[in-house]
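Peer 1: Sharing a structure here in structure tokens format.
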Amino acid sequence: MKQAVSHHPIHAPARRHRPRARPIAAFAAGLIVAACAGLVALPACAKTALAQYGEPKYSAGFTHFDYADPDAPRNGALAFANYDQNQSYDSLNPFLVRGAPAPDIANLMFDTLMVRSWDEQASEYALIADDVEVAADGASATFHINPKARFNNGDPITAADVRYSFDTLSSKAASPLVNAQFSVIARAVVVDASTVRFEFKRPERDAPLIAGDLPVFSRKWGQRPDGSHLAFDALATEPPISSGAYLIESRKNDHTITYRRNPDYWAADLPTRKGAFNYARITFKLYLDQYTMLESFKAGDTDVRVEYSSTQWARKYVGKNFRNGLLTQGSFSNHSAQMQGMVYNMRRPMFEDIRVRKALVYAFDYEWMNRMMFYGQYRRIQSYFQDGPFQALGTPSPRERALLEPLRDSVPPEVFGPVLTQPTTTPPNSLRENLRKARDLLAQAGWTYRDGALRDAKGTPMTIEILDDEPGMDRVIMPYIRNLQTLGIQASMREVDSALFQKRLDHFEFDMTTFIYPITMIPGVELTHRFTSASADQIGSENYAGLKSKAVDALVNDVLSANTVDDLTTATRALDRVLIDSYLLVPEYYLPNSRIAYKNTMGFPRTTPLTYQYEDWIIGYWYRKPD
């Protein structure tokens, strides 16, 4: 099973890995600041936290996040395998389109102005910035930089560095996904050496938090001895002069890298860093295949492994080191799920007809796969916001209908009925019956079986290539291909290496491919580059389906313009209904808990976050037990 790499809001583009407007008066009612608790306006006072809705969970003066262990040992080393799908790396710059960045470099080496907590919907707390003031009209947010804040070369972090970071990441030199993250910010203005003001294109509830997500690096990164600079998009092999907890200690080749915790990391004892980044060293070893990666772990060459294969979890975690207790299998709670499915590229003419897309969903036999291959460990995905407060359920509420009615002519009529339930082969249903339904839908769309293939009116056969880069996914894709071939579709699988795969995705050169949409606590800027018309033709965006829908654009705007949690929930559930009934992908499955195997020398906090990426949690908050 593939897994996206979500990391933090600005980190590397997710792989299985906000155009909005609203009245200014409505803005201040929702953004609360911790040091001014109880006030609904935005007064000019010291503020150490921001919440998009309601109040921050942690009050001023808190000592650590609940999911961090402040007494965790801060020594030892972590050896970790592939953190994402990359089998090698060739860049030390995680903010570019081209190249494969070194594993987890964005998380380990680049701090942000503020830190998002993992047990709230959307709140963030002081890190590089020790104080933030949001204008009463929501048009700007002013951050004061902690006077102790330092880059890894010892230089103080200044407002000019913050502005430089913003100007660079919002330029064409950076990835479009990075640009999109900060699209609501018009400019960064240096107020004085320690103060920077972000002015917004529109007063957005989440705009101050987006500004707080800005990773900060030095203007000296890439500077030549004569004072000139390498172009940012050519800055790939220079070690970053950045603000995070780790330095690069060694790079043996493009498959191995070791980070060393900066002994002078200024933020180590801040509340937002207490109990975090507990390893003295972190080494990543990138393997070429899952088999070698697993055997390396079983031999003790790596310390922790997150498992995404049900078969391997059920059958392969055996051997001497499991018998003697060195290695342990663990299951940890997970409070939400990511949408995963085989995405149609609707830029292909055959996928323009929704009846074709719906028909191909009927050919996916989830129940057989879960029973025969997954050992019953998975559940069928039904929503883009599965198991969370934003999942559409039942029929639309009156408030949802109020948003959907003006869009009636541009959304599927099923949107106004009960939420779609994915086809099943559980008796009395069957795959045979589902394939009959698929055949009928295809016929309605003009595709009929003749001369040994499913053909359109011109006689052109339907040919589908499913692109993938992960060994082992053929177990999922090949049974589906057999079902497509039963319908007369000339279906095949193409497996390529991770670099070519990402390039083809970036340029939308595929028919179908598996993608996981990473979880976000609050729907936000990611919706614009996943689903809106503006992103459909933007190279490097995550709108892999090529969706162009005025209705979806309007609902995304409603989501991002919500003034209360109720408004947000209503708009997101309405959006969920439209996305589901638009058949952008073949929904697959999700894991209701995490499967993590680890050495008995590893420790972890007693409290797990509300929503977290497993690898982020291991790297950020686990620790090595004392000898």
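Peer 1: May I ask you to list the aspartates and glutamates whose Cα is less than 19 Å away from that of residue 201, ignoring any residue fewer than eight positions away on the same chain?
Peer 2: Answer for residue 201, where 19 Å is the Cα cut-off: 133, 137, 167, 213, 526, 553, 558, listed by chain and number.
Peer 1: Roughly how many nanometres apart are two label points built 7 Å out from the Cα toward the Cβ at residue 171 and residue 254?
Peer 2: 2.6 nm
Peer 1: Taking just the alpha carbons, could you work out the radius of gyration and Dmax for region 525-564, both in angstroms?
Peer 2: Here Rg and the maximum Cα pair distance are 10.1, 34 Å.
Peer 1: Cα gyration tensor of region 63-155, axes a ≥ b ≥ c as square roots of the eigenvalues: rounded (a/c below 1.5), prolate (a/b > b/c) or oblate? Don't jump to the answer; show the numbers that get you there.
Peer 2: Working: a/c = 1.83, a/b = 1.41, b/c = 1.29.
Because a/c hits 1.5 or more and a/b exceeds b/c, region 63-155 counts as prolate.
Peer 1: Suppose only helical runs count, i.e. DSSP H with n ≥ 4. What mean residue ellipticity at 222 nm does that imply for the chain under -39500 (n - 2.57) per run, divided by all residues and rounded to the nearest 500 deg cm²/dmol? Let's see the in-between values first.
Peer 2: Values: 17 runs with 148 residues, N = 627.
Dividing the helical sum by the residues of the chain leaves -6500 deg cm²/dmol.
Peer 1: In addition: Would you mind calculating the relative contact order of region 339-590 from Cα pairs under 8 angstrom and at least 6 residues apart, reporting the percent as a whole number?
Peer 2: Working: 402 pairs, mean separation 87.9, N = 252.
After rounding, I find 35 percent.
Peer 1: Determine the alpha carbon to alpha carbon distance for each of 358/503; 358/550; 316/625; 57/358 and list only those over 31 Å.
Peer 2: Working: 358/503 28 Å; 358/550 21 Å; 316/625 26 Å; 57/358 43 Å.
Going by Cα-Cα distance, 57/358 fall outside the 31 Å limit.
Peer 1: Want the number for residue 393 to residue 550: 0.36 nm per residue separation, take away the alpha-carbon distance, what's left?
Peer 2: Numbers: separation 157, 0.36 × 157 = 56.52 nm, distance 2.32 nm.
Net length gain for the segment: 54.2 nm.
Peer 1: May I ask what percent, to the nearest 5, of DSSP beta bridges between residues of region 339-590 are antiparallel?
Peer 2: Values: 15 of 23 bridges.
That works out to approximately 65 percent antiparallel.
Peer 1: Quick one: order 351, 198, 416 by neighbouring beta-carbon count within 10 Å, fewest to most. Please list the in-between numbers first.
Peer 2: Values: 351 21, 198 28, 416 16.
Least crowded to most crowded, the residues run 416, 351, 198.
Peer 1: If each residue's Cβ is checked for other Cβ atoms within 10 Å, how do 286, 360 rank with the fewest at the top?
Peer 2: Details: 286 23, 360 27.
Fewest-to-most Cβ neighbours within 10 Å comes out as 286, 360.
Peer 1: Listed highest first by mean packing, meaning other Cβ atoms within 10 Å per residue, what order do 525-531, 56-62, 613-619 come in?
Peer 2: 525-531, 613-619, 56-62
Peer 1: Which of rounded, prolate or oblate describes region 41-106 when judged by the alpha-carbon gyration tensor and an a/c cut-off of 1.5?
Peer 2: Working: a/c = 3.42, a/b = 1.66, b/c = 2.07.
Oblate, since a/c reaches 1.5 and b/c is not below a/b.
Peer 1: What is the calculated FRET efficiency for residue 238 to residue 458, with r their C-beta to C-beta distance and R₀ = 35 Å, to the nearest 0.05? Spell out each step's value before the answer.
Peer 2: Values: r = 54 Å, r/R0 = 1.55.
Step by step, r from the Cβ atoms, then E = 0.05.
Peer 1: Give me the one-decimal nm value for the distance between modelled label points at residue 451 and residue 409, 7 Å along each residue's Cα-to-Cβ direction.
Peer 2: Reported label-point gap for residue 451 and residue 409 is 4.1 nm.
Peer 1: Using the basic label-point model (7 angstrom from Cα toward the beta carbon), what is the residue 563 to residue 201 distance in nanometres?
Peer 2: My value for the distance between the label points is 2.3 nm.
Peer 1: Still on this structure: In a Debye calculation with equal point scatterers on the alpha-carbon sites of region 339-590 and no solvent, what is log10 I(q)/I(0) at q = 0.07, 0.08 Å⁻¹?
Peer 2: Treating every Cα as an identical point scatterer, log10 I(q)/I(0) equals -0.24, -0.31.
Peer 1: Sticking with this structure for a sec: When the convex hull of the Cα atoms of the chain is projected onto a plane and the area is averaged over all directions, what value comes out in nm²? If you can, show how the numbers build up before the last one.
Peer 2: Numbers: hull surface 113.0 nm².
Convex hull of Cα atoms, orientation-averaged projection: 28.3 nm².
Peer 1: Which order do 224, 439 fall in if you start with the one that has the fewest other Cβ atoms within 10 Å?
Peer 2: Working: 224 8, 439 20.
If I rank by nearby Cβ atoms, fewest first, I get 224, 439.
Readers should treat all values here as calculations from the given coordinates under stated rules, not as data from a laboratory. A quick note: this is a predicted structure, and the numbers were derived from the prediction, not measured. All Cβ positions, even for glycine, are placed from backbone atoms using ideal geometry, and neighbour counts span all protein chains on display.
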